[in-house]
Each structure stands twice: as C-alpha cells, then as structure tokens.
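Below is one structure; the comments refer to it alone.
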Amino acid sequence: MKPTDIKDPEYFHRVVDCQYACPAHTPVPEYIRLIAAEKYTEAYMVNWESNVFPGVLGRTCDRPCEPACRRGRVEEEPVAICRLKRVAADFKDDPRAHMPMGPFPANGKKIALIGGGPASLTVARDLAPLGYELHLFDEQIKGGGMMRSQIPSFRLPESVLDEEVGYVLDLGVHAVFNKYVESMREVLAQDYDAIFVGTGAPKGGDLPRLPGRWDAPDHIHIGITWLASVAFEHTTKIGKKVIVLGGGNTAMDCCRTARRLGGEEVTVVVRSPFETMKASPWEIEDAMREDIPILNNMPPKEFVVENGKLKGVLFEKVEAVYDESGRRKLIPTGEPDVFIEADDVLIAIGQENSFPWIERDLGIEFGQWDVPVLNPVTFQSTLPKVFFGGDAALGPKNIITAVAHGHQAAISIDLFCQGQDVAKDRPAPTVNLIHQKMGIHEWGYDNDIAGDLRYKVPHLEKKQSLHDRKLEVELGFDPATAFREAQRCLNCDVQTVFNTSRCIECDACVDICPTSCITFTMNGEEEDLRTRLTAPANNLEQALYVSEPLKQTARVMIKDEDVCLHCGLCAERCPTAAWDMEKYLYQVTKAGQGCNTTLAV
Amino acid sequence: MTYIKPKFRHPELPVNAVGYARKDYEGAISTLCGGCGHDSISGAIVQACYEMAIEPHRLAKLSGIGCSSKTPTYFLSNSHGFNSVHGRMPSVTTGAILANRDLIYLGVSGDGDTASIGMGQFVHAIRRNLNMVYIVMNNGCYGLTKGQDSATADLGSISKGGVPNAYMPIDLAGMAIELGASFVARSFSGDKTQLVPLIKAAMSHQGFAFIDVVSPCVTFNNNPGSTKSYDYVREHLEATAAVDYVPEKEEITISYGEGQTADVELHDGSRLALHKIAPNWDPHDRLSAIQRLHVAREKEEVLTGLLYLSKDNETFHQFLHTVDQPLNTLTEEDLIPSQEVLAAINADHR
C-alpha cells in the first residue's frame with residue numbers, strides 16, 4: 001500500500017466517524033468536550049455555526065452520527081450525541097454575544113428565499129452577515145417550515161423553535177409570512193440577483209385508488225397535512241379508534257399525536273415486516289411505550305365505509321419474500337383478511353416534492369418524480385440564478401441534510417453573485433492539527449476511557465404527557481448525567497499521528513495498544529495486509545494508516561483505524577515521540593467565511 | 001491517567017483452545033520506560049502463552065530484582081508469581097520445582113540479576129537441569145540504578161554515561177552451553193517473529209531452557225556507540241536459522257525454497273522447524289554451537305535463534321528419583337512408612 005497522506009484533509013476526517021457521517025460535518029467531539037467542561041454556550045456555538053438549529057436538532061435529528069460512532073463498535077451502544085447537543089442548548093447562557101451582529105454593511109445584492117424551513121434559514125444565516133439583502137417568503141404564520149408544521153410539540157417545544165428561528169431572522173432577514181409564492185415567473189421578474197428554493201416536500205403520499213378512499217373524506221387524512229393542522233390548532237381532536245398507515249417517522253408522530261387528541265385505541269399498521277420500518281428505532285420505541293401496537297405485513301385493501309360513515313380498514317396478510325437479487329416481494333399468505341375498526345385513518349406513507357408554482361417554460365428543468373435537475377454539489381438548477389436545497393432539492397431527507405444543503409447553496413449563491421465559478425471556486429475545508437502533549441502523563445484532552453454504558457434520557461410520566469400534546473416527553477439530561485455521558489466520547493478527533501523518521505521500532509506502541517490496532521510488518525497490498533495484522537481487520541470501511549518504510553527493518557507501521565480508542569497510550573509509551581496525539585479540527589468552510597465566529601476554546 | 005489501561009479490547013479477538021483470549025494473559029500496565037525492550041519481551045510471553053493455550057493457573061512466574069524482574073507484574077496476571085531477592089530467583093524456583101513438579105516454571109531475570117549478583121545461583125540452576133524456562137532480559141546496563149555498565153556489556157560499548165566499557169563481557173548463552181544447559185537460545189526483543197516461537201519451544205522443552213534476550217535500555221543504553229541499542233542490534237543481527245514452532249498435531253505447511261530445513265523434536269511432541277540454517281551449525285552439536293558463537297563474536301554479529309538443544313537429558317527430578325506425584329500433594333499417609341516397612345528398614349541396619 002502507498003503511505004497514507006495525512007495532509008489530505010479527508011483522511012483524518014474519516015476517522016472522526018460521527019463528524020464524517022453528519023451531513024453538515026458538525027465537529028461532534030469538539031462540542032462534547034466543551035459540554036464536559038460545562039462550557040455549554042461555547043458548545044452551543046460550535047453547533048450553531050455548523051448546524052444552525054442545535055436545540056431543534058438535539059431533539060429531532062435523524063442522528064446519522066450515532067450509528068457511525070466508534071463507541072458502538074467497541075461496546076454496545078454509541079455515545080448519545082444527539083441528546084448531548086440538546087444539553088448544550090438547554091444549559092447555555094444567552095448566545096447572542098457570540099453571534100454575528102447586524103446591521104451588516106450592504107453589498108448591494110438581493111436574494112429571494114422561497115420557503116422558510118431549515119434550508120432557507122441556513123442560507124439566510126450564512127448570507128446575512130455578508131451584506132446580502134434577503135427576502136424570505138413562507139406560507140405559514142411563522143418561520144421553521146416542516147420543523148413547525150410536521151414535528152409535534154411533545155418532541156419539539158415551540159419555544160425552542162421560535163428561539164432558533166429568531167436568531168436567524170434577527171440577522172436582518174426580511175421575512176414575509178402568510179405568503180404563498182404562486183409563480184416563479186413573478187419572482188424572476190423582480191430584480192433578485194439569485195433565488196433559493198427551499199420549499200420542502202409538501203405533498204403527502206395518498207392511496208387514491210384504494211376502494212372507499214373518497215367515501216368518507218372527512219375521516220381519512222393525509223399525515224403531514226393533519227400534523228400541520230394540529231400544529232396550527234385547526235384540528236384539536238380525533239376519534240377514539242385511529243389507524244395510522246405507514247412505518248416512517250411521520251407515522252410515529254401521527255400515532256403519538258392522535259393519542260394526545262383523544263385517540264384511545266391507536267394502531268399503526270405497516271404493509272411490510274417490522275424490521276424494515278423506516279422510522280428511527282427510538283421513535284418506534286417511544287410510540288410503543290405509549291401503548292400503540294404496531295402490526296406488520298398487512299397492506300390495506302379497502303376503507304370500509306357504511307352509509308357515508310367510516311367503519312374501519314380491511315387488511316390483507318402478506319409475507320416478505322426476497323428473490324435472488326434481494327428484491328422484496330410481498331406475497332399474500334392466504335390467511336383471512338383482517339378488519340380493524342376505526343373512526344379516523346391517518347395516511348403517512350411518504351411525501352413528495354411538488355412545484356405547481358414553478359412554470360415549466362422558465363429554463364428550470366425537471367427530471368424524474370418532478371425533482372429539479374441540479375448539480376448535486378452546487379445545488380444550482382439549469383437556470384443559473386436559481387438554487388435549490390433541502391427536501392426540495394433531492395427529495396425528502398431530514399433537517400440536518402437540509403442544513404448541509406443550505407450551507408452549500410449559500411456558498412454557490414455568494415460565488416455566483418460575486419461573479420465567480422460556483423463549481424471551481426468553492427472553498428476547501430478548514431483543517432487544524434494541534435499537538436496535545438502537556439506532560440509525561442498529561443494530555444490536552446481527557447484520555448481516560450470511561451467504561452460507562454449509555455445513559456438513558458428521563459421521560460415525563462406517560463399519563464401526564466398523553467394529557468397535553470405540548471408537554472415535551474423527553475426531559476433531557478441533567479448536567480451530572482450529561483457529564484458522564486460526555487465522558488463516554490472517545491475523542492476520535494484527537495488523532496494518532498505517526499512520524500516515520502523518529503521511530504526506532506521498539507514495539508512499545510504495539511505492546512500497549514489495548515485494542516491491538518498497530519502492526520509492524522512488511523508492506524503488501526491492502527487485501528493481503530488485512531490478513532496479517534495483530535487483530536482482525538474486517539471493517540473495510542475503516543482505513544489502514546500506512547507509514548513510509550522504516551529505516552531499521554524496511555517494514556511499515558500499519559494502524560487499523562477501526563477500533564482505536566484514541567487513548568493516547570501509543571504516544572505515551574513512545575520513547576521518541578514518533579507517535580503524537582494531535583487534535584484535528586475539520587470545518588466546512590461557510591459562504592464568505594462570514595459566520596466564523598471566534599471562540600475562546 | 002495514564003496508569004490505567006482501558007478495559008476495552010478488540011471486539012473480534014479470537015480465543016485459544018482453552019477458551020481464553022489474549023487479554024486473559026495480560027498483566028498490569030507497565031511502569032517501565034516507554035520503549036523498554038522488556039515490555040516487548042512481556043508481550044512475547046503473553047503471545048506465546050496465549051498461542052500455546054496454557055491455562056494461566058498452570059504457570060508460575062518467578063523473578064529477582066531489577067527492571068527485568070519487575071516485568072512479571074506486566075504479564076500473566078492470572079498466574080502464580082514470586083518476586084524474590086536479588087539474584088536468588090534460581091533458588092526459589094528450585095524449591096518451587098521440588099515442591100510441585102506439575103507447574104510450568106518461567107524465571108525472569110536480567111543481566112545484573114543473573115551475570116553479577118546471581119551468577120552463583122545461575123550456574124547451579126543449569127547444573128541441576130531444573131525444568132524451567134529462564135529468560136534473561138539483557139540490556140547491558142543497570143537501568144534501575146541509572147545505567148552503569150553491567151557484566152554483559154561488550155568491551156568498548158558506550159552507554160549514555162559516555163565512557164567506553166573497559167571489561168570483557170560475560171556471554172550468558174555461551175556459558176549456559178558450557179555448563180550443560182539442555183536448551184539455549186538467544187533472541188532480540190525487537191523481533192517477536194523469532195522470540196515467540198523460541199519461548200514456545202522453551203516451554204515445551206523438559207529441562208533447563210535458557211533464552212538470552214537482547215533488550216535495549218531505551219533510557220541509558222540506546223545511544224550511538226552502544227552495542228545493545230535498537231539500531232546496532234538490528235544492523236548486526238544474524239540468525240542461526242529462522243524458527244517456526246509447530247504444535248503437536250499440526251503438519252508443517254510452510255516450505256522454504258532456499259537453504260536447508262530441519263525439524264527438531266521437542267519433548268511434548270511439538271517441533272521446532274528450522275529454515276535457512278546457517279552453515280557449519282548443528283542444533284544438537286554443542287561444539288558447533290560454541291564455535292558458531294565464537295565466530296559471531298569475531299565478526300561482531302549478534303547471533304540469535306536456537307543455539308543448542310540436547311537430544312536427551314535428565315532433569316532435576318530424574319536425578320533425584322522423586323515420585324511422579326508432586327511432593328506438595330503427598331499426605332502423611334504417603335510419607336510415613338507403615339510399622340512393617342519401618343521394622344524392615346530397622347532390621348536392615350541391625
């Protein structure tokens with residue numbers, strides 16, 4: 001293998017599994033250490049700079065970081081990253097002193113932001129300090145988009161959302177609410193230098209051809225529409241018996257909301273096996289804790305309506321069969337159909353993009369499924385001054401992805417408005433590698449590996465929380481538990497950096513490494529090397545760190561990054577400091593770098 | 001921190017034939033200097049015991065005083081241990097072997113503990129052919145008292161103090177062969193591919209198995225001018241043969257294209273496969289081993305590998321005609337002769 005090029009910013013970035021997995025690449029270990037140090041405001045700002053909505057995401061994020069967490073590979077469960085983020089938001093002081101403060105000198109450019117959700121707000125946050133005049137339009141009464149309309153308040157209190165949307169709008173964004181933009185042509189006719197579309201995926205999936213669907217329309221609802229109607233208090237109750245169709249997070253939000261609006265027997269029915277449900281495991285767990293059964297392998301056959309009144313739904317029983325190519329088919333088992341009584345049915349079977357307001361002769365091309373044709377890096381559409389982001393861009397994903405899109409679209413818009421090439425002139429990430437040694441046994445980070453298992457977040461008593469849909473179920477960690485959970489973090493951003501010329505091949509690092517990551521051997525091809533290491537190296541997603549040939553034996557040092565604890569013992573035992581622990585900070589560069597607040601870390 | 005080793009280990013570590021993982025053979029975190037050769041030897045002992053599937057309670061580790069003799073704390077935490085007086089490890093081991101012949105005895109010593117204060121003990125342990133593995137962690141200096149030259153320091157070798165050593169060195173391996181040790185090898189702490197099979201072979205051997213392991217003192221004797229530094233040893237390394245330890249039931253699958261290959265049988269049925277054997281050397285011929293050692297000294301080579309292995313040898317218990325049962329398990333009933341036997345003995349003396 002070729003020696004590893006640690007100057008490539010992506011190499012060590014990959015080692016920080018959580019940060020690498022995060023669409024916005026939030027420096028997770030960095031803020032977890034700040035939380036452990038009770039520097040909640042600073043921890044909040046590390047988040048805010050990267051993901052704009054720490055309080056919201058600390059409650060609602062899809063957490064791609066957690067399955068990636070290295071801790072999950074050395075013990076049972078990953079660090080509760082998401083809930084620690086919330087701790088930063090819960091215990092911070094007023095962060096505004098750390099945020100950019102307007103009024104900012106105008107740069108003479110005007111941008112329209114269509115939609116007031118996470119993507120648009122991120123673009124606004126990044127561009128406002130650069131002097132852009134930002135006009136944001138949204139059909140809802142307040143900003144936040146789907147965070148406001150689709151996420152129930154028992155998961156995300158309105159106050160948290162208001163606060164974080166406020167931080168963005170207070171940068172001097174001209175927000176126009178209660179305004180549904182009806183025509184892109186009209187927007188283009190105004191003198192905007194660029195237009196950003198962040199209108200989400202507003203169309204909820206339906207079952208239009210299922211018998212009976214249109215016979216009792218008042219009692220068969222589209223999940224996201226119904227959730228919005230609850231959020232804006234147009235809907236305040238539901239029948240006692242409720243069926244929720246679908247197995248995603250929206251279905252979980254629907255069934256739990258229904259429980260709070262008078263639903264006594266709420267049942268979730270999914271067409272496929274339980275194991276393949278799209279909802280996050282913790283959302284499923286929370287729903288089941290609220291006495292909501294989830295029935296699987298039952299696709300709906302018919303809405304049973306008698307005399308204009310909904311009686312229930314008839315389901316077929318199926319089983320999942322996989323063919324050779326792994327494709328799934330749902331085959332009827334031949335068992336009798338199942339009828340479940342219902343007063344109301346909520347259909348939560350996915351959502352789609354929808355752009356009825358964009359005329360198709362403007363030069364904005366649309367591809368399959370009514371999705372705009374975009375450059376996936378720049379988010380520029382085929383009409384150069386129009387950019388897309390969030391669910392509106394590449395189909396429905398999640399908030400953190402929308403934020404990541406927003407940052408990239410903001411860079412594109414800035415480059416575009418400054419006459420630069422949106423693809424070629426994109427800024428490289430900022431990286432920083434800092435030596436951590438402070439003494440013989442002292443490091444600039446806490447390298448003692450805590451053995452604690454993952455701490456559970458306390459919940460509000462069920463009886464109480466089912467009574468009021470606005471009461472938050474999860475109570476968050478208290479500072480003491482947060483500290484203990486933070487100590488579970490392995491500090492994967494503190495990198496083991498190897499200096500070949502200093503190594504005397506004494507094997508001290510090999511002998512001390514608790515997880516047997518290090519091997520000195522003759523070089524070879526990766527496939528062959530992986531069979532010759534001190535411990536099995538079967539995780540092909542994790543890199544092997546390979547040194548230059550060593551001067552005494554011409555062997556190479558090979559470190560399997562997979563289960564390195566970043567405990568620093570290799571560096572501590574190394575007599576020549578050939579190993580060093582260096583803190584690696586990788587930051588996605590923002591538009592104009594205008595949001596890089598200076599932190600006293 | 002960091003006097004504590006994290007508890008987590010590689011999640012996919014395999015277990016050996018008796019169900020233990022490598023971690024079950026580890027000890028406390030080392031307090032020796034980082035980079036000390038002794039830590040590597042500890043690592044090799046752990047590896048060898050793991051690979052041989054030794055049940056930890058079947059082994060006793062004994063040591064004297066010195067950096068080397070601290071190491072039993074850093075391996076085999078689940079085994080028996082005795083940290084004795086300076087240079088007196090052989091006597092304590094002799095007693096232990098007498099009392100319980102069933103255990104595997106691993107004596108760990110250093111060049112000071114063996115070649116100076118413990119020399120008298122060492123030579124007599126060899127003469128008795130105690131059934132033990134005797135490892136000397138040989139760094140050519142007194143590391144624990146700040147690096148004075150030891151009795152194994154080569155003539156002219158310069159330690160961190162900067163003064164060339166004026167005395168002739170004691171070659172412990174040569175001396176062991178001379179005194180009739182039945183298994184003699186030399187190795188280097190920085191070469192586990194050789195050291196691990198040698199330790200395994202030594203443990204399979206019945207009788208006194210001596211391994212002199214050159215083990216650089218990274219703090220006081222790893223400087224230019226030293227003949228026991230990592231780079232000097234690596235530059236002057238010469239092996240009698242490449243060694244592979246082959247457990248009892250396994251067939252030899254590795255074949256070498258070049259050079260001679262020989263198969264040396266050990267007492268428990270396992271074998272040591274020797275490859276690329278040096279010319280004019282026969283592992284069973286004491287003379288050729290001594291000659292090879294002398295040639296190496298002339299050429300300033302650090303000769304490693306198996307040096308000598310006797311084909312048949314009697315061990316201490318055989319000399320003494322003791323019973324097969326460990327003496328410490330003999331009861332009063334076994335030991336006190338019956339009235340009739342006593343009468344017969346007395347009658348013999350009348």
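Read-outs throughout are calculated quantities, based only on the coordinates presented, and are distinct from any laboratory measurement. Just so it is clear, the structure is predicted and the values come from calculations on it, not from any experiment. Note: ideal-geometry Cβ built from the backbone for every residue, glycine included; neighbour counts use all protein chains shown.
Data table
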{"quantity": "Cα point-scatterer Debye curve for region A:204-349, base-10 log of I(q)/I(0) at q = 0.10, 0.15, 0.22 Å⁻¹", "calculated": "-0.32, -0.72, -1.47"}
{"quantity": "Loop GluC sites (Glu not before Pro), region A:129-207 (other Cβ atoms within 10 Å of the site Cβ: 14 or fewer; DSSP)", "calculated": "A:E182"}
{"quantity": "Volume per residue of the C-alpha convex hull in region A:173-265, rounded to whole Å³", "calculated": "158"}
{"quantity": "Region A:208-270: chymotrypsin sites (Phe, Trp or Tyr not before Pro) in DSSP coil with no more than 14 other Cβ atoms inside 10 Å", "calculated": "A:W214, A:F232"}
{"quantity": "Qualifying trypsin sites (Lys or Arg not before Pro) in region A:1-107, DSSP loop, other Cβ atoms within 10 Å at most 15", "calculated": "A:K7"}
{"quantity": "Efficiency of FRET from Cβ geometry, B:R58 and B:R350, R₀ 41 Å, rounded to 0.05", "calculated": "0.30"}
{"quantity": "Net charge of Cβ neighbours under 9 Å - reference B:Y308; Lys, Arg +1; Asp, Glu -1", "calculated": "0"}
{"quantity": "Compactness of the protein assembly as shown as Cα Rg over 2.2 N^0.38 Å, two decimals", "calculated": "1.24"}
{"quantity": "Rg and Dmax [Cα atoms of region A:42-112; Å; Rg one decimal, Dmax integer]", "calculated": "16.4, 54"}
{"quantity": "For q = 0.08, 0.10 Å⁻¹, Debye-computed log10 I/I(0) when each Cα of region B:22-320 counts as one equal scatterer", "calculated": "-0.30, -0.48"}
{"quantity": "C-alpha long axis of helix A:81-91 to longest principal axis of chain A, angle in °", "calculated": "80"}
{"quantity": "Cα-projected label distance for B:S338 with A:W214, points at 7 Å along beta-carbon direction, nm", "calculated": "10.9"}
{"quantity": "Signed unit charges on C-beta, dipole axis of chain A, positive-most listed residue A:A508, A:P23, A:N539", "calculated": "A:P23"}
{"quantity": "Mean-position separation - Cα centroids, region B:5-69 and region B:86-112, in angstrom", "calculated": "19"}
{"quantity": "Between region A:299-350 and region A:47-101, the Cα center-to-center distance that results, in Å", "calculated": "38"}
{"quantity": "Separation between Cα centres of region A:425-451 and region A:128-146, rounded to whole Å", "calculated": "37"}
{"quantity": "Rg/Rh for region A:87-220, where both radii come from Cα atoms and Rh is the Kirkwood radius", "calculated": "1.08"}
{"quantity": "DSSP bridge pairs, the protein assembly as shown: antiparallel proportion in percent, nearest 5", "calculated": "50"}
